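Take a look at the structure below.
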Amino acid sequence: MQLETLTKLNAARRDRRAAMVVTDLGSNEVRVIIEGESVAGPLGEEVAKAFRSGKAGTVEIEGRSVFLNAHLPPPRIVVIGAVHISQALARIAPVAGYDLTIIDPRTAFATEERFEGVELIADWPEDVLKDRPLDAYTALAAVTHDPKIDDFPLSEALRVGCFYVGALGSRKTHAKRVERLREMGRTDNEIGRIAAPIGVDIGAASPAEIALATLAQIVQAFRRRDLVTAG
Amino acid sequence: MTVIETLDPLLTAESWKRAGRDVAIATVVETWGSAPRPAGSHLVIDGEGNFEGSVSGGCVEGAVITEALDVIESGEAKMLEFGVADETAWRVGLSCGGRIRVYVERLS
């Protein structure tokens, strides 16, 4: 492998973009393909398949043995709302291998004391997501109950194709939310992706149980995902 | 690099190479049966035998490092195979009973 090839790969990984290392095991030539780059012919089909599965493996293409190694960004969770549920979620998510960030402009909630050791940003989602955009490898959970805070990131998450989008709130609250998201330009298909009420149904009652149900739902969405391919 | 990044073999390989060190990259390309690390896992090795990452649970790293030094010297990529069925199993085999193929190439 050439240093430039490795540099391209590492830059993509740092930017949270999916990349594929293609090694011709006969000629030992290596190239890196960033998801979205077009690749013609049978190699293109195999590359697209490997991006979807996220697995590494050897394929035979026109008599050549080619090793495909998918580098997908690690999954992460962005939580809107520094509430009681988030405190529990922030503790269990890292155990399951998920990075977690909490965003909440309300400084009374977003305190260092309540979220020791957690990445916590006390600012409006509109401002935070400008510098740190959501992507297909991010799960978004909106748990403030406040449309002023939740609606924008929910709409963004649907627009960019986050692999999971969940929102806390009763069915009645959600019906109103659906109306607002329509007004923000989201399609019914997109809105239908929102998990609401949030979490798998395990009869969760306490904040910690809701956090657990939400994390389980996120893992399910990630493992059974049909990742939206970046354009 | 941050602490997490120093544990990332491919970031390590890039920074080693930029610092003027010779580097080889070993990659698990195939596994059969129970194997400790899945296909796609990396071990990176420098010309002094320093390494980062893993291709097994520590079972065959020693042998891969030795081969990697050859690859750094010659520039020729190599395919290595390890497993209990292998005649070298008594020396470097996988105790878990699986087999793996490891591709070793020089970073140029």
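The values are calculated or read from the model by the stated rules, or taken from the named source; none is laboratory data. What you see is a predicted model; the values in this text were computed from it and never measured. Note that we place each Cβ from the backbone using ideal geometry, even for glycine, and neighbour counts take in every protein chain shown.
Pick out the one residue from A:ALA88, A:ALA108 that is touching a residue at least 60 places away in the same chain (Cβ under 8 Å), of a type in the set (A, V, I, L, M) and at negative phi.
A:ALA88
Determine whether region B:2-21 contains at least one residue that is farther than 23 Å from A:ALA11 by Cα, at pLDDT below 95, surrounded by fewer than 19 Cβ atoms within 10 Å (Cβ to Cβ) and within 14 Å of chain A (Cβ to nearest Cβ).
No, the conditions are met nowhere in region B:2-21.
Looking at region A:62-108, which of the residues that are among the small types (Gly, Ala, Ser) and under 14 Å from the mean Cα position of the chain (by Cα) is nearest to B:PRO38 (Cα to Cα)?
A:GLY97
Of all residues in region B:50-74, which are assigned to a loop (DSSP other than H, G, I, E, B) and either modelled with pLDDT under 95 or touching an Asp or Glu at 6+ places or on another chain (Cβ under 8 Å) (or both)?
Listed by number, the residues that qualify are B:SER54, B:VAL55, B:SER56, B:GLY57, B:GLY58, B:CYS59, B:VAL60.
Taking B:THR12, is it in contact (Cβ under 8 Å) with a residue 60 or more places away in the chain and either in a loop (DSSP other than H, G, I, E, B) or not hydrophobic (A, V, I, L, M, F, W, C) (or both)?
No.
Among the residues in region A:1-8, are any closer than 20 Å to A:PRO75 by Cβ and among the aliphatic types (A, V, I, L, M)?
No, region A:1-8 has no match at all.
Go through region A:1-13 and give me each residue that's of a type outside the set (D, E, K, R) and facing another protein chain (nearest Cβ under 10 Å).
A:MET1, A:GLN2, A:LEU3, A:THR5, A:LEU6, A:THR7, A:LEU9, A:ASN10, A:ALA11 - these are the residues of region A:1-13 that are of a type outside the set (D, E, K, R) and facing another protein chain (nearest Cβ under 10 Å).
Determine whether region A:77-93 contains at least one residue that is more than 14 Å from every other protein chain (Cβ to nearest Cβ) and over 27 Å from A:LEU134 (Cβ atoms).
So far as region A:77-93 goes, no, none of its residues is more than 14 Å from every other protein chain (Cβ to nearest Cβ) and over 27 Å from A:LEU134 (Cβ atoms).
List the pairs whose first member sits in region A:15-35 and is at positive phi, whose second member is in a strand (DSSP E or B), and whose Cβ atoms are under 8 Å apart, counting only residues at least 6 apart or on separate chains?
Matching pairs, first to second residue: A:ASN28/B:GLU105.
Could you tell me how many of the residues in region A:135-154 are more than 12 Å from the chain's Cα centre (by Cα) and surrounded by 19 or more Cβ atoms within 10 Å (Cβ to Cβ)?
8
Which of the residues belonging to region B:22-48 are at pLDDT below 95 and surrounded by fewer than 15 Cβ atoms within 10 Å (Cβ to Cβ)?
Those that are at pLDDT below 95 and surrounded by fewer than 15 Cβ atoms within 10 Å (Cβ to Cβ): B:TRP32, B:GLY33, B:SER34, B:PRO38.
Only one of A:ALA167, A:ALA213, A:ALA208 is free of Cβ contacts under 8 Å to residues at least 24 places away in the same chain, in the same structural domain as A:HIS84 (by TED's automatic domain parsing), crowded, with 16+ Cβ neighbours inside 10 Å and over 14 Å from the mean Cα position of the chain (by Cα). Can you tell me which?
A:ALA213
Pick out, from region A:14-65, the strands (runs of 3 or more DSSP E) lying fully within it that include 2 or more residues that are more than 19 Å from B:ILE25 (Cβ to Cβ) and away from every other protein chain (no Cβ under 11 Å).
Qualifying strands (runs of 3 or more DSSP E): A:57-61.
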